[in-house]
1. Applying the selection to region 150-166, what residues are closer than 19 Å to I205 by Cβ and of a type in the set (D, E, K, R)?
2. Scan A195, A185 and give me the residue that is surrounded by 17 or more Cβ atoms within 10 Å (Cβ to Cβ) and either among the small types (G, A, S) or assigned to a loop (DSSP other than H, G, I, E, B) (or both).
3. Would you be able to tell me the number of residues in region 203-219 that are closer than 17 Å to M168 by Cα and either among the hydroxyl-bearing types (S, T, Y) or surrounded by 15 or more Cβ atoms within 10 Å (Cβ to Cβ) (or both)?
4. Considering each residue of region 144-175, count those that are of a type outside the set (S, T, Y) and either in contact with a helix residue (DSSP H, G or I) (Cβ under 9 Å, 6 or more places away or on another chain) or not in a strand (DSSP E or B) (or both), and give that number.
5. Quick one: R162 ticks every box in (1) over 21 Å from E80 (Cα atoms); (2) of a type outside the set (S, T, Y); (3) out of contact with any strand residue (DSSP E or B) (no Cβ under 9 Å at 6 or more places or on another chain) bar one, so which box is it?
6. Which strands (runs of 3 or more DSSP E) sit wholly inside region 82-143 and have at least 2 residues that are crowded, with 18+ Cβ neighbours inside 10 Å?
7. Counting just the residues of region 194-222 that are hydrophobic (A, V, I, L, M, F, W, C) and under 27 Å from the mean Cα position of the chain (by Cα), which one comes out nearest to G142 (Cα to Cα)?
Amino acid sequence: MDDVVDPDAPESGPEPAAAEAPPRSGDSDALQTASARPDASVGKLLRRVGLTLIGVVLIVQAVALARSATTGPTGPWLGEYFEGKEFEGDPQIRYTRKLEFDWGKDRPFRGMPKDKWSAIYTTCLVVEEEAEFRFRLTSDDGSRLFVDDEKLIDNWGPHSPRTRTGKMLFEPGTYELVVEYFEAAHGAELKLVAAIGEDGKHETIPPTMLQQPSDDIDNRCN
């Protein structure tokens, strides 16, 4: 028997695929935000790291500046600087490798007056072999040299550049050297050199023979 076809029945076959709904604007914004979020987090992290590094650099610079203002260049000579000619008040501290200054009419450093100031320089002389030292002390204005509290050179008083000498035989050991200095007015200069041994020439005392004094005022060179 032949099949009867209903002319009003829909044609058979595969159903058409459903059309994809266009993305909503809110969904699109959410996708863009999600994709941009990692970049934003990285940017915040980099900014934090950058600010932290800047902070560290500023701290290091501040510490270096404070240290420079307190001690200046390092060296075996401890310099204590006083505002006034009588070594009074709290000193400003500086270290130096040698006592060879020519300040002219300028101040020794910022924060000190140009005139009417004084300074005490202390170091420890380490002698390994017996030798005679012939010291030469030049200053404008006054200065004097002490070895273990014994005055060896007296170049005190207000005056233009003037040189005084003194000599001493050192046995092996450690000795405290102290130079006192004051500036009255106008030019300022201070220089200490020594000739070591019979054939030695007057020159800067080798820094290798000197050591920084300790903080013990009663025993600087223990």
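1. Quick first cut of region 150-166, residues closer than 19 Å to I205 by Cβ only: 150-153, 155, 163-166.
Across region 150-166, the qualifying residues are E150, K151, R164.
2. Working: A185 fails: surrounded by 17 or more Cβ atoms within 10 Å (Cβ to Cβ).
Result of the check over A195, A185: A195.
3. Qualifying residue count, region 203-219: 4.
4. Narrowing region 144-175 to residues of a type outside the set (S, T, Y): 144-159, 161-162, 164, 166-173.
From what is left, the residues that are either in contact with a helix residue (DSSP H, G or I) (Cβ under 9 Å, 6 or more places away or on another chain) or not in a strand (DSSP E or B) (or both) are 148-149, 156-159, 161, 171-172.
Residues that pass the stated criteria total 9.
5. (3)
6. On the way: elements: 92-96, 100-104, 117-127, 131-140.
Those strands (runs of 3 or more DSSP E) span 92-96, 117-127, 131-140.
7. Taking region 194-222 first, the residues hydrophobic (A, V, I, L, M, F, W, C) are 194-196, 205, 209-210, 217, 221.
After this cut, where a residue has to be under 27 Å from the mean Cα position of the chain (by Cα) as well, the list is 205, 209-210, 217, 221.
Values: I205: 21, M209: 26, L210: 24, I217: 24, C221: 25 Å.
Filtering region 194-222 for residues that are hydrophobic (A, V, I, L, M, F, W, C) and under 27 Å from the mean Cα position of the chain (by Cα), the one nearest to G142 (Cα to Cα) comes out as I205.
Since every read-out is calculated from the coordinates, none of them should be taken as a lab result. Please read these numbers as outputs of a predicted model, since none were measured by experiment. When we count neighbours, we look across all protein chains shown, and the Cβ atoms used for this are built from the backbone with ideal geometry, even at glycine.
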